[in-house]
Amino acid sequence: MESLARHFATIVEIIRLPVAALNFHSHIDPAGIPEAYRYHTKPHPKYRIIQNKSVGAALIDLRASADRDSYLEQIRGKNRGAFHAKRARARGYVVTEIERNNFVDEIHAINTSVDIRQGRPMEAHYLQKVSHFEKLPYFKYFGVFDAKGKLMAYANLAIYGDFCAFSHVIGHRNNDGIMHLMVVDIVCSLIEERALNYIMYDTFFGAQPGLRQFKLALGFKPYRAKYRLK
């Protein structure tokens, strides 16, 4: 009975999630975008009756903030995103777009800097050094640099249509708030550009508690995503 009650509570929670319409635009990349659409909408590996990235999608509605200050106001407070981003900025860290092939060694060093992240061993593909990165037309690549110009973290952001999504967010482990700074600055730039509706950071369901808290601290909320390929 207890198990049945938990399942029922989960179903109710899912039903109550706000719905977000996320559109893939195939003209951006006629090969890559439809492939990404199929990945997001294929059956979930564990719960086959739902789509892979549909339930509990971690999203920020970029239209809900009039400007960067409005977004920062939403994530203020001790141990929230704005607090950590401000602390990292005060310590000399900056975020900028990067050409990954200029930082092959630095990216490999970040990928192999720890064996365990979020309670799980690093996946094998992170441990293999890439000698050359392909630059996909619908991606932007960002890095966090310290005051001495060392790459400390990086993020790959896919622009799928009227929304974008992180595919990689990874950095050296320290307590300076560099990961918060990177996400905050990217979100702020997207709000100012007014070109997209949502930014996605995978899903809440299945994420480790620490990663769930990280997303919440940055303003991400769980949604039911409805995808469409145009």
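The values are calculated or read from the model by the stated rules, or taken from the named source; none is laboratory data. Just so you know, these numbers come straight off a predicted model, no measurement behind them. For neighbour counting, all protein chains shown are included, and Cβ atoms are generated from backbone atoms with ideal geometry for every residue, glycine included.
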(Q) Condition (residue is in a loop (DSSP other than H, G, I, E, B), modelled with pLDDT under 95, loosely packed, with under 10 Cβ neighbours inside 10 Å and more than 18 Å from the chain's Cα centre (by Cα)) applied to the stretch 1-18: is it met by at least one residue? (A) yes
Q. Which ranges mark the strands (runs of 3 or more DSSP E) fully within the stretch 112-211 that have 2 or more residues being among the β-branched types (V, I, T)?
A. 163-171, 198-203
Q. Identify, please: which residue in the stretch 160-181 is more than 10 Å from A85 (Cβ to Cβ) and of a type in the set (A, V, I, L, M, F, W, C) and is, among those, surrounded by the most Cβ atoms within 10 Å (Cβ to Cβ)?
A. F163
Q: Select from the stretch 88-110 the residues that are among the hydrophobic types (A, V, I, L, M, F, W, C), farther than 15 Å from I170 by Cα and touching a strand residue (DSSP E or B) at 6+ places or on another chain (Cβ under 9 Å) and write down the one among them that is surrounded by the most Cβ atoms within 10 Å (Cβ to Cβ).
A: A88
Q: Confirm whether F83 is surrounded by 11 or more Cβ atoms within 10 Å (Cβ to Cβ) and closer than 19 Å to H168 by Cβ.
A: no
**Q.** Verdict on D185 being among the acidic types (D, E) and surrounded by 18 or more Cβ atoms within 10 Å (Cβ to Cβ)
**A.** yes
(Q) Filter the stretch 44-83 down to the residues that are touching a residue at least 60 places away in the same chain (Cβ under 8 Å) and of a type in the set (D, E) and list them by number. (A) D61, D67
